[in-house]
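**Q** Pasting in a structure now, in structure tokens, and then I'll have a few things to ask.
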Amino acid sequence: MTHDKPSVGERLPWHDTWRPAFQDGKVVSSPLYTDKFGEWISAYAPVVDPATVRVSGVLEVNQQAEAYFSRTRKVAWITAAIAAAALALGSLLGFLVINHVVLRPMSSIRGGMLALMNQDFTHKISIKTLDEFNDLATHLNNLSRQLNTAKHIADGFTPKSLPDNSGWSIAAVPQPCEAAAGDYFDAFVAFDLPPLPSDPPGTPPATAILVADVTRHGLGPSLHMSACRSALRALASTGLQPAKLLQRLDNLLQRDLD
């Protein structure tokens, strides 16, 4: 500060700090300095005469350092608070977006895959993201629907009732390890089977009992099993003994199976 109480028109001693403002027409500021009036920071701006377009004076603005830095710290705190709030808001929005776009669809996909592993083919994945997760959910839902259909078809091959007029009590419980597999059993009265030589007169018709298991599991063995079942049911009415019947079945299947 160059004067205790400067006034307009008062002469002030020359300061070299003013030189850039006078000579170059630049706005400059001083570093912090201390004089008998305290600690200050000053700024100088040239005053241009519009008639001569020359610098005719200098405008000096003095600010006590404590007041200047108090406002600076306040601005810094406000800036930091705004930045922290923006970061928190951005993080929250980012989490919400990631949760909606990634985490929730991934959780739904995982639930659908666990349902498939547990052979729950009625589970439906509901995703409406219109992206790859939606495509994957659609494929898994289609797979569940196909497996559920295959399961119902395979369940339809299980006999609804077993014969009870042969003097034997017949019972069976199917428990395949997968929804669609090559497991199969059947029992039916074979009226066309000829009696054995040791059968006494009046022996009731023979009861045919069949237990079969196609190698491996899944839709392929299940389809093979259905072909075997259909062929066996047809051959059972030909009057062939079991050994001949199986030989005929083998001959039929060799044409279609690899």
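**Q** For residues in the range 149-176 being open to solvent by less than 60 Å² (accessible area, probe 1.4 Å) and assigned to a helix (DSSP H, G or I), which is modelled with the lowest pLDDT?
**A** Per the stated criteria, the residue is Ala154.
**Q** While we're looking at this one, here's another question. Here is a list of conditions, (1) over 30 Å from Lys26 (Cβ atoms); (2) of a type outside the set (S, T, N, Q); (3) surrounded by 13 or more Cβ atoms within 10 Å (Cβ to Cβ), and Ala81 meets all of them except one; can you say which number that is?
**A** Of the numbered conditions (1) over 30 Å from Lys26 (Cβ atoms); (2) of a type outside the set (S, T, N, Q); (3) surrounded by 13 or more Cβ atoms within 10 Å (Cβ to Cβ), the odd one out for Ala81 is (3).
**Q** Within the range 14-54, how many residues are closer than 19 Å to Ala65 by Cα and of a type in the set (D, E, K, R)?
**A** The number of residues fulfilling the criteria is 3.
**Q** Within the range 128-146, can you find the residues that are open to solvent by less than 60 Å² (accessible area, probe 1.4 Å) and out of contact with any helix residue (DSSP H, G or I) (no Cβ under 7 Å at 6 or more places or on another chain)?
**A** Answer for the range 128-146, where residues must be open to solvent by less than 60 Å² (accessible area, probe 1.4 Å) and out of contact with any helix residue (DSSP H, G or I) (no Cβ under 7 Å at 6 or more places or on another chain): Asp131, Asn134, Asn141, Asn142.
**Q** Can you tell me which of (1) over 29 Å from Ser230 (Cβ atoms); (2) open to solvent by 40 Å² or more (accessible area, probe 1.4 Å); (3) assigned to a loop (DSSP other than H, G, I, E, B); (4) at pLDDT 80 or above is the one Ile125 doesn't meet?
**A** For Ile125, the exception is condition (2).
**Q** Just the residues that are in contact with a helix residue (DSSP H, G or I) (Cβ under 8 Å, 6 or more places away or on another chain), among the hydrophobic types (A, V, I, L, M, F, W, C) and either closer than 30 Å to His152 by Cβ or open to solvent by less than 60 Å² (accessible area, probe 1.4 Å) (or both), please, taken from the range 103-122.
**A** Ile109, Met113, Ala115, Leu116, Phe121
**Q** Consider only pairs whose beta carbons are under 9 Å apart and that are at least six residues apart or on different chains; among these, list those whose first residue lies in the range 12-27 and is part of a loop (DSSP other than H, G, I, E, B) and whose second residue is modelled with pLDDT under 80.
**A** Leu12/Thr2; Leu12/His3; Leu12/Pro6; Pro13/Thr2; Pro13/His3; His15/Thr2
**Q** In the range 45-77, what residues are closer than 18 Å to Val28 by Cβ, under 60 Å from the mean Cα position of the chain (by Cα) and open to solvent by less than 80 Å² (accessible area, probe 1.4 Å)?
**A** Matches in the range 45-77: Gln63, Ala65.
**Q** Out of everything in the range 184-243 that is among the acidic types (Asp, Glu) and surrounded by fewer than 17 Cβ atoms within 10 Å (Cβ to Cβ), what residue ends up being modelled with the highest pLDDT? Before you say what the answer is, go through the steps one by one.
**A** Applying the first criterion (among the acidic types (Asp, Glu)) to the range 184-243 yields 186, 192, 199, 213.
Keeping just the survivors that are surrounded by fewer than 17 Cβ atoms within 10 Å (Cβ to Cβ) gives 192, 199, 213.
Values: Asp192: 62, Asp199: 76, Asp213: 81.
Taking the candidates together, the pick is Asp213.
**Q** Assess whether Val28 counts as being open to solvent by less than 60 Å² (accessible area, probe 1.4 Å), β-branched (Val, Ile, Thr) and either in contact with a His (Cβ under 7 Å, 6 or more places away or on another chain) or within 30 Å of Asn134 (Cα to Cα) (or both).
**A** In short, no.
**Q** Okay, moving on. Determine, yes or no, whether Ala179 is crowded, with 16+ Cβ neighbours inside 10 Å, at pLDDT below 75 and not in a strand (DSSP E or B).
**A** Values: crowded, with 16+ Cβ neighbours inside 10 Å: yes; at pLDDT below 75: yes; not in a strand (DSSP E or B): yes.
Criteria met by Ala179.
The values are calculated or read from the model by the stated rules, or taken from the named source; none is laboratory data. Because the structure is a prediction, the values reported are computed rather than measured. With ideal geometry, Cβ positions are generated from the backbone for all residues, glycine too; neighbour counts draw on all protein chains shown. Keep in mind that these areas ignore ligands, DNA and RNA; they rest on the heavy atoms of the full protein, side chains included. Shrake-Rupley method; radii C 1.70, N 1.55, O 1.52, S 1.80 Å.
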